[in-house]
Amino acid sequence: MMVRLDRASLRGGLIVSVQAPEGSPMREPEVIAAMAEASLNNGAIGVRLESPEHIGAVRRRCPEALIVGLWKRTFSDSEVYITPRWHEIQAVWAAGADVVALDATARHRPDGESLEVLVRRAKEELGAPLMADVDSVANGLEAARLGFAWVGTTLFGYTHETASETPPGWSLLEPLRAQLPDQVPLICEGGIASAGMATQALALGADGVVVGTAITGVDLQVAAYCRQMAA
């Protein structure tokens, strides 16, 4: 089945980010796949997954799922860690992702790879649609110019330039929706902690919303409860 990625198909939809930190028992591929299936069974239009291993596990369990895939890797010569290089793009696509998400900020990339070249190679060599994880209106518009299929506010509050800001990236949504090409979906991701906040994102112009920690972040949620109760 061909998964539709256009604005009409995404509009008003919830994409659940099913991830777990290193060292967590929740990080087992079977656990990730079960959480992904539960999310899809209850109305999510897709899932966002980290690592080829988890993408493959969910693809096998949920063959018709819309999967946004990424791979977090850290390198000493760059702050970029979301699918930073061509190697990671290839691996995420080969594992079964429908859309490959990557850092589309203006930051220096590992090995000096160019974002423009990565986008061109992904389109020409793989035919892979890309989601731009951005931190600003300017970077979102540049990502669309380069050929990204989707633009998301994922990195607002997580770069040096936006470190003083707290997600969600409310301030990005209206100007991005007004200036992005009409066919490019706008995704609100980061800091959405309730259904009310997700609804607010849609009202501000997002076509879809990604929610992670508030739904699947067992480790972080339990730790937060315990810290507050012990205060």
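The values are calculated or read from the model by the stated rules, or taken from the named source; none is laboratory data. Please read all numbers here as calculations on a predicted model, not as lab measurements. A quick note on method: Cβ atoms are made from the backbone with ideal geometry, for glycine too, and the neighbour counts reach across all protein chains shown. Quick note on the areas: whole protein, heavy atoms, side chains included, nothing else; ligands and nucleic acids left out. Shrake-Rupley method; radii C 1.70, N 1.55, O 1.52, S 1.80 Å.
Key figures for this structure:
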quantity	calculated
Every residue from segment 37-47 that is in contact (Cβ under 8 Å) with a residue 24 or more places away in the chain, small (Gly, Ala, Ser) and in a helix (DSSP H, G or I)	39
Residue pairs meeting the criteria (Cβ under 8 Å; at least 6 apart or on separate chains; first closer than 13 Å to residue 97 by Cβ, in segment 48-77; second basic (Lys, Arg) and assigned to a helix (DSSP H, G or I))	65/59; 67/59
Filter result (charged (D, E, K, R) and either more than 18 Å from the chain's Cα centre (by Cα) or in a loop (DSSP other than H, G, I, E, B) (or both)) within segment 1-36	4, 6, 11, 22, 28, 30
Residue within segment 194-201 that is over 21 Å from residue 19 (Cα atoms), buried (at least 16 other Cβ atoms within 10 Å of the Cβ) and over 17 Å from the mean Cα position of the chain (by Cα) present	yes
Residues of segment 80-104 classified as of a type outside the set (D, E, K, R), under 22 Å from residue 141 (Cα atoms) and open to solvent by less than 10 Å² (accessible area, probe 1.4 Å), total	10
Any pair with Cβ under 8 angstrom, 6 or more apart, that starts in segment 204-231 at a residue that is acidic (Asp, Glu) and ends at one that is in a loop (DSSP other than H, G, I, E, B)	207/11; 207/12; 207/185; 219/20; 219/21; 219/24
Test: residue in segment 158-165 that is farther than 27 Å from residue 108 by Cα, modelled with pLDDT of 95 or more and of a type outside the set (Ser, Thr, Tyr)	no
Total residues in segment 52-73, condition within 18 Å of residue 118 (Cα to Cα) and either assigned to a helix (DSSP H, G or I) or not small (Gly, Ala, Ser) (or both)	5
Subset tally (residues that are within 18 Å of residue 174 (Cα to Cα) and open to solvent by less than 10 Å² (accessible area, probe 1.4 Å)) for segment 136-151	4
